[in-house]
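Reading through the structure tokens given below for one structure.
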């Protein structure tokens with residue numbers, strides 16, 4: 001047991017923080033579980049609303065330091081992917097690039113000319 005007054009106070013503070021963090025972590029887990037249950041049941045509109053709510057709860061937990069920011073982002077990403085399977089919506093397609101063989105040699109994808117390192121040294 002702590003003997004110094006400052007250590008005793010720190011212990012009291014840590015217990016309060018622990019209880020607060022535990023509540024936030026529990027809220028986040030409950031929100032994620034709710035989404036998974038709605039996705040499993042096939043309720044699209046409710047699941048979409050639950051994903052938005054869970055994202056908000058996860059962001060709040062990350063902002064407060066209960067979860068790491070990347071952990072919250074990863075969980076949100078997984079929930080969104082699960083929701084997409086229910087909605088049967090293909091993820092947004094990226095802009096198609098022309099295959100390398102069809103592009104003119106010596107140009108970048110943006111159409112800008114490129115010069116090799118040796119060509120640049122010869123110019124100067």
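Every read-out reported here was derived from the displayed coordinates using simple, explicitly stated rules and does not represent laboratory data. Remember, predicted model here, so these are calculated numbers, not experimental data. Cβ coordinates were reconstructed from backbone atoms using ideal geometry, including for glycine residues, and neighbour counts include every protein chain displayed.
Take every Cα pair under 8 Å in the stretch 5-91 that's 6+ residues apart, average their separations, divide by the length, and report that relative contact order as a whole percent. Over the stretch 5-91, the number comes to 29 percent. Site pair residue 41 and residue 13 shows an inter-label distance of 4.4 nm when each label is modelled 7 Å from Cα along Cα→Cβ. Legend: calculated FRET efficiency, residue 77 to residue 30, from the Cβ-Cβ distance at R0 = 22 Å, rounded to 0.05, equals 0.70. Calculation over all alpha carbon pairs of the stretch 5-91 in 10 angstrom steps from 0 returns a P(r) of 18, 39, 24, 11, 6, 2 percent.
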